[in-house]
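Working notes for the structure below.
The values are calculated or read from the model by the stated rules, or taken from the named source; none is laboratory data. Nothing here was measured: the structure is a model prediction, and the numbers come from that model. No Cβ is skipped: glycine too gets one built from the backbone with ideal geometry, and neighbour counts run over all protein chains shown.
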Amino acid sequence: MTKLNICGYSNFRGRCHGHDHYVILRHPQPATTQCQFIRRPCMRAMQTLVAIIGFGSIPFAALGETAAEPDLEYPVPILAGANYDPDIPTLESLLGFSVGKRIAAPAEIEAVINAYAKASSRVAVFEYARSYEGRGLYYVAISTPANIARLDEIRGGWAKIGDPREIEPDDADELLQQLPAVAWMAYSIHGNETSGADAALALAYHLAAARDPQVEALLRDTVVLIDPMMNPDGRHRTSEQLAQHRGRQRNIDDQSLLHTGYWPWGRTNHYLFDLNRDWIYGVNPESRGRIAAAGGWNPLLFVDAHEMGAQDTYLFSPPRDPHNPNFPPSLGPWVERFAEDQARAFDANHWPYYTGEWNEGWYPGYSNAWAGLRGAVGMLYEQASVDEDGILRADGSVLTYSQAIHHQFVSSLANLQTLHANADQLKRNFLEIRRAAVGANGPYARRSFAILADGNQGRIERFVDLMQLQGIEVYRLTQPLMTRARDQLGRTSSVRLPVGTLLVPNRQPEANLVATLLEFDPRMPEETLKKERRELLMRNDSRLYDVTSWNISMMFGLEALELPIALPQQVEPVSTTIAAQVAVDGTALAYVFDGRDDRSVAAAARLAVRGLTARVGEKEFTLDGTAFARGSVVVTRYDNRDEQELAGAINAVAAQLKIAPTAITSGWGPGDAPDLGGGYFVRLTAPTIAVLARGGIRPYDYGNVWKLLDQDIGIRHSQIDEALLAETDLRRYNVLVLPDRWQGELDSAAVERINDWVAAGGTLIAIGQSAAQLAQPDQGVDAVRALPQALEELQTFELAVLREAMADQDTRLGDSVWSHGVTTDYRFPWPADADWPEIEELQKRDDWLKLFMPQGAFVAARVDTEHWLSFGSPATLPVLYGNAPVLFSAPPAETPVRLGAYRPAADAQSSAAGEDEAVRRAGWLALPDEQGLDLRMSGLLWPEAAQRMAHGAYLVRETVGDGQIILFAAPPSFRGATLGTMRLLANALVYGPGFGSSQAIRP
Ligand SMILES: [Zn+2]
């Protein structure tokens, strides 16, 4: 799951206090969680704690005094005692080194599994995906030759059991008898957690070559599918780093580069995505191939082998609470049973282990969690990390790499044996889970989810694609439907759903997964909340390991409803939504890509790269009788009069993006609607983009920006090493991105250079901690401040918020405006004579509220739907927010997205309170008349955090000289799946140089 010690990817929870393991932070920087959200001060406390106690506790001093080689012999053979077929080549003969001597590189793993497939009729190898860097991902099927010969039939049989609607009950029972159980054994999804993959090779050899009756019986009844390296690109990176730092002397110091690795480490894939969070989003090719392959097999056992901190022991399932509420209840005791047998195997070797201390079962995007939601017994392994040679430990012993592999190997065999011994019951249990999922009286029978079609065809298609990848059925309404419905903020009403609305019935084979992905607001039990709150208050820590919300409709920024009904009759299945390609001809006056579709931004960028001039409509417009949303991209013949192949270029970009442009023959907009030659069609400047990397930049956030630019928008850009910033000629770029930071700040000289560049016309985009730095006095922006500095200017920020609300107020103005008299009771928008506490009190309050910042929850944000940064965005946008900076802003800064959505409050008093009336404040700032504020949409957001975050600026823009600074308080791209907020970032990247900054006319 996580490698405890590796800089910033760590999970320290459960370890911060009262633990007798030593966690060595290998990088002296603010430690952060694996989940991309900076965690609370525990981490900083931990850092100090480690600095104080860490070194004294481990006898490195002794090591320095002795010149002797550490004893790295591991005398216990990993593959002991079996009767192996001599015709199957040993690992040592294939690799050229013995198991555990060092790690096997991806190419070596590929060679070994192919050699087994060639040598043994028990083995078949299947490629299920290619990584971004072109490496193969494989699963190795091992069973009796007879089973291997009928693998397709076996998989087909399990597909029938997996969908009991398609098979008579008696036939299902008979089929179950004939089907071998299937185990999916997966290793090293984090590339720098290496021991799993090496154990997978040992396991494959053992199962392919052993002639013992026990192994032969296991293979007769079981198909073992081994996924030996789930992240070959990350493993390759690790393997290269190990090779580069391997010395003549063996190295057993876990603080040394050999063991720590370095930015961006090997945990993640090519674009630095954590593949062990991607199971529910399916963003990366590795995950997509795996979801289809593993899902297609319907395994009963799913093993996922990781590593954690080098000074730890060994952890395995079951996880501790909170448990995902949609996890099939019958699986809980089974996970326990597997764990007991695994514990016995460890006891027999006198190996230490533990379960459940820190891994919780709430987030569904881990391998074993995803598998559990599909009906498998999911087992997580976490071995203390070694990588190579060995690790000197606090008790003076050395844990060797061989022993680490041995632990993973023994665990794997133990779980397979438990599966074998209980196969009949487990098969029946799986069938019962699926029967409940599709049953008319099942727990999910009378519920469906509706996704409202909003014209953002690109996003809708991604939603349908994800559902289909997960084996989830999607339908489309063919008639309008009247029904009760609950929205994403929990409000219930009667609605009329139009034709074209997407419906996902919860009652279907993957019901547990459907519920998990689409339920708006799963809640933790009261007991869990109490424990979590105690952890916060007593230890300044959290028991939660990852984000507490992942709702797909919110991730995607799509409006959705929960309906208390089964699937209605008037629907058709949605098989594919890829729009028919429309080729435009060369006679038109202009071509338009509709701005509601996210892909229009990529189209604009790609056209610019081709040297074409595009404009973007600031307002909605109608040309040739077709209405287009604001943000639509217009390419006119006039702007591109030297381009002979204009239609060809338009068609080429449209084909790449699978979108259909509209050809326009007239530039006249009816009535007040914009005409094509007017000022509402802003001419774009081609973006030349640089992204800051390395140094203190958070790899995840950098990777998210990188992938968005490289794969989704699809344009060239440059990546600048933070250490070389002083020597970088920024004039080559008109957009510079500073991703979120996990360490330190940019030095003042760098900030000064960047600000000079901004003033000369640059568009600077800063995210998270980088944004917070620029919001400090004299660092970049003037009208934005982060908490706690913002506390000094709360009155300014309060007025800004009230001013924005007044601008949108829907009250009758005429009576007061046309009156001839000067009113004697004019009310200012801000609270009259309101008492503001002293700054010390405000700071005390902020310190208190800050304790409760979320681990990752969806909050509602209100959107300025006339701002260019919000093209393609709904008026209320779900924003995923962790322990990010909280920003406040006032004019002249513009705030296109602000935290909190207004709702009419029946009991609301006037905000312009007189002497007798209390000021109504939501958090720090007053509410407008008769308005309440909704913030929490989904996930755990303590009321204290809501107080602190209400009215915070999520996206803010300020003009600086001829340029502009755009700040995102929290990362807009989270795991490449927050399509709603990613659109804001795409707008900033591509439209920034044309919209918010002034580029010089070069004579
Ligand atoms: Zn891991």
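Laid out as a table, the results:
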{"item": "Tally, over the stretch 303-359, of residues that are surrounded by fewer than 16 Cβ atoms within 10 Å (Cβ to Cβ) and among the small types (Gly, Ala, Ser)", "result": "3"}
{"item": "So Ser195, is it assigned by TED's automatic domain parsing to the domain that holds Glu133, within 14 Å of the ligand (Cβ to nearest atom) and at positive phi", "result": "no"}
{"item": "Residue pairs meeting the criteria (Cβ under 7 Å; at least 6 apart or on separate chains; first under 20 Å from Arg320 (Cα atoms), in the stretch 339-364; second among the small types (Gly, Ala, Ser) and assigned to a helix (DSSP H, G or I))", "result": "Asp341/Ala414; Gln342/Ser411; Gln342/Ala414; Tyr353/Ala343; Thr355/Ala339; Gly361/Ala369; Tyr363/Ala369"}
{"item": "Test set (1) surrounded by 17 or more Cβ atoms within 10 Å (Cβ to Cβ); (2) in contact with a helix residue (DSSP H, G or I) (Cβ under 7 Å, 6 or more places away or on another chain); (3) small (Gly, Ala, Ser) - Ala111 fails condition number", "result": "(1)"}
{"item": "Strands (runs of 3 or more DSSP E) lying entirely in the stretch 557-620 (those with 2 or more residues that are more than 23 Å from Thr665 (Cα to Cα) and among the aliphatic types (A, V, I, L, M))", "result": "560-563"}
{"item": "Residue within the stretch 220-243 that is farther than 16 Å from Ile391 by Cβ, in contact with a Leu (Cβ under 7 Å, 6 or more places away or on another chain) and within 15 Å of the ligand (Cβ to nearest atom) present", "result": "yes"}
{"item": "Residues located in the stretch 729-750, provided they are surrounded by fewer than 19 Cβ atoms within 10 Å (Cβ to Cβ) and closer than 27 Å to Leu684 by Cα", "result": "Asp729, Leu730, Arg731, Arg732"}
{"item": "Residue list for the stretch 868-897, filter: touching a residue at least 40 places away in the same chain (Cβ under 8 Å), assigned to a loop (DSSP other than H, G, I, E, B) and not polar (S, T, N, Q)", "result": "Phe871, Gly872, Pro874, Gly882, Ala884, Pro885, Val886, Ala890, Pro891, Pro892, Ala893"}
{"item": "Wholly within the stretch 929-983, strands (runs of 3 or more DSSP E) carrying at least 1 residues that are modelled with pLDDT of 95 or more, basic (Lys, Arg) and surrounded by fewer than 24 Cβ atoms within 10 Å (Cβ to Cβ)", "result": "936-938"}
{"item": "Filter result for Phe273 (within 16 Å of the ligand (Cβ to nearest atom), of a type in the set (Phe, Trp, Tyr), more than 14 Å from the chain's Cα centre (by Cα) and under 21 Å from Glu193 (Cβ atoms))", "result": "no"}
{"item": "Test: Phe338 is modelled with pLDDT of 95 or more and either under 27 Å from Met467 (Cα atoms) or charged (D, E, K, R) (or both)", "result": "no"}
{"item": "Single unsatisfied condition, Ile433 versus (1) touching a strand residue (DSSP E or B) at 6+ places or on another chain (Cβ under 7 Å); (2) under 30 Å from Leu502 (Cα atoms)", "result": "(1)"}
{"item": "The stretch 174-192: number of residues that are touching a residue at least 24 places away in the same chain (Cβ under 8 Å) and either away from the ligand (no atom under 16 Å from the Cβ) or not assigned by TED's automatic domain parsing to the domain that holds Pro232 (or both)", "result": "7"}
{"item": "Near pairs, Cβ below 6 angstrom, 6+ apart or cross-chain, from the stretch 223-234 (assigned to a strand (DSSP E or B) and of a type in the set (Lys, Arg)) to any residue that is at pLDDT 95 or above and crowded, with 24+ Cβ neighbours inside 10 Å", "result": "none"}
{"item": "Yes/no for Arg534 being in a helix (DSSP H, G or I) and under 27 Å from Asp712 (Cβ atoms)", "result": "no"}
{"item": "Close pairs from the stretch 147-160: first touching a residue at least 60 places away in the same chain (Cβ under 8 Å), partner buried (at least 17 other Cβ atoms within 10 Å of the Cβ) and part of a helix (DSSP H, G or I), Cβ under 6 Å, at least 6 apart", "result": "Arg155/Trp297"}
{"item": "Qualifying positions in the stretch 141-188 - assigned to a loop (DSSP other than H, G, I, E, B) and more than 30 Å from Phe409 (Cβ to Cβ)", "result": "Asp163, Ile167, Glu168"}
{"item": "Residues located in the stretch 606-638, provided they are out of contact with any strand residue (DSSP E or B) (no Cβ under 7 Å at 6 or more places or on another chain), farther than 18 Å from Asn456 by Cα and not hydroxyl-bearing (Ser, Thr, Tyr)", "result": "Arg606, Ala608, Val609, Arg610, Gly611, Gly625"}
{"item": "Residues satisfying the stated conditions in the stretch 378-397, i.e. assigned to a strand (DSSP E or B) and polar (S, T, N, Q)", "result": "Gln383"}
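Let's see how each residue does on (1) in contact (Cβ under 8 Å) with a residue 12 or more places away in the chain; (2) in a loop (DSSP other than H, G, I, E, B):
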position	(1), (2)
Gly780	yes, yes
Glu792	yes, no
Gln795	yes, no
Leu802	yes, no
Arg812	no, yes
Asp815	no, no
His820	no, yes
Thr823	no, yes
Phe828	yes, yes
